[in-house]
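This structure is in structure tokens; I'll ask about it shortly.
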Amino acid sequence: MGNWANTVRRWSRNIHRDISFLFSGVLVVYAISGIALNHKDSFNSNFDVKKSVYIVGQALPEQQDIKKKDVLLLLEEIGEENQYTKHYFPEKGSLKVFLKGGSNLVVDMASGHAVYEKVTRRPFFSAISRLHYNPGKWWTTFSDIFAISLLVIVLTGFLMMKGRRGLWGIGGIELLIGIAIPLFFLFFW
């Protein structure tokens with residue numbers, strides 16, 4: 001029995017080590033994007049939104065006389081004249097201009113007070129965060145392989161340790177605590 005158990009532990013260590021190294025990079029990417037997604041209320045992982053306030057440097061025509069050329073002149077002040085998509089008046093005296101990529105400009109026609117909201121994509125965070133939303137069939141297949149590999153890592157970890165630090169000792173208690181934590185948050189928090 002002792003020789004068989006040692007062989008199983010040795011194989012477990014080798015499998016555990018190799019699969020752990022292989023998937024460590026995936027875990028790092030998931031961890032970083034998971035932290036970003038957990039804090040959506042204070043950090044937008046997909047877009048960086050910057051607001052700037054300024055006073056329009058030119059006299060504006062009356063609302064009914066505003067044409068696209070007038071709006072393009074407003075956009076020149078912020079260097080966005082080539083990003084125009086459309087404009088409208090959400091309420092009397094307020095001009096809203098939509099720009100490509102989600103940016104916008106809102107101008108109070110009477111005071112010339114303008115708020116420019118520039119939206120730019122965060123290339124790294126938006127790409128890795130997308131993985132949490134299952135971007136395609138290929139990712140589903142890879143994620144299934146990854147999940148099975150995590151189970152193999154866990155099972156080989158159980159088999160590597162023996163005695164009071166193993167599954168039937170402190171390791172088992174830690175396992176039960178690890179299972180209880182997410183269940184507690186799911187059902188009682």
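Cβ contacts < 7 Å: first residue closer than 20 Å to LEU150 by Cβ, restricted to region 18-47; second residue modelled with pLDDT of 90 or more and of a type in the set (Phe, Trp, Tyr), any location; separation 6+ or different chain. Result?
Going by the 7 Å Cβ cut-off, the qualifying pairs are PHE23/PHE146; VAL26/PHE146.
Let me ask you something else. Report, ordered by the first and then the second residue, all pairs with beta carbons closer than 6 Å, sequence separation of six or more or different chains, a first member in region 156-169 that is touching a residue at least 12 places away in the same chain (Cβ under 8 Å), and a second member that is open to solvent by 90 Å² or more (accessible area, probe 1.4 Å).
MET160/ARG13
Assigned to a helix (DSSP H, G or I) and either within 30 Å of LEU151 (Cα to Cα) or open to solvent by 50 Å² or more (accessible area, probe 1.4 Å) (or both) - does that describe any residue in region 82-93?
Yes, region 82-93 contains a residue that is assigned to a helix (DSSP H, G or I) and either within 30 Å of LEU151 (Cα to Cα) or open to solvent by 50 Å² or more (accessible area, probe 1.4 Å) (or both).
Right, LYS50: in contact with a strand residue (DSSP E or B) (Cβ under 8 Å, 6 or more places away or on another chain), outside any loop (DSSP other than H, G, I, E, B) and either open to solvent by less than 40 Å² (accessible area, probe 1.4 Å) or at pLDDT 90 or above (or both) or not?
Yes: the conditions hold for LYS50.
Restricting to region 129-179, and then to whatever is charged (D, E, K, R) and within 16 Å of ARG13 (Cα to Cα), can you tell me which residue is farthest from the chain's Cα centre (by Cα)?
Top of the filtered list is LYS162.
I'd like to know if region 52-66 contains one or more residues that are of a type in the set (Ser, Thr, Tyr), out of contact with any helix residue (DSSP H, G or I) (no Cβ under 9 Å at 6 or more places or on another chain) and closer than 30 Å to SER129 by Cβ.
yes
Follow-up. Quick one: count up the residues across region 171-189 that are open to solvent by 70 Å² or more (accessible area, probe 1.4 Å) and modelled with pLDDT of 85 or more.
12
Is it the case that region 96-115 has a residue that's surrounded by 13 or more Cβ atoms within 10 Å (Cβ to Cβ) and without any contact (Cβ under 8 Å) to a residue 12 or more places away in the chain?
There is at least one residue in region 96-115 that is surrounded by 13 or more Cβ atoms within 10 Å (Cβ to Cβ) and without any contact (Cβ under 8 Å) to a residue 12 or more places away in the chain.
The values are calculated or read from the model by the stated rules, or taken from the named source; none is laboratory data. Keep in mind that what you see is a predicted model, and the values were worked out from it rather than measured. Note: ideal-geometry Cβ built from the backbone for every residue, glycine included; neighbour counts use all protein chains shown. SASA here: full protein model, heavy atoms, side chains in, ligands and nucleic acids out. Shrake-Rupley method; radii C 1.70, N 1.55, O 1.52, S 1.80 Å.
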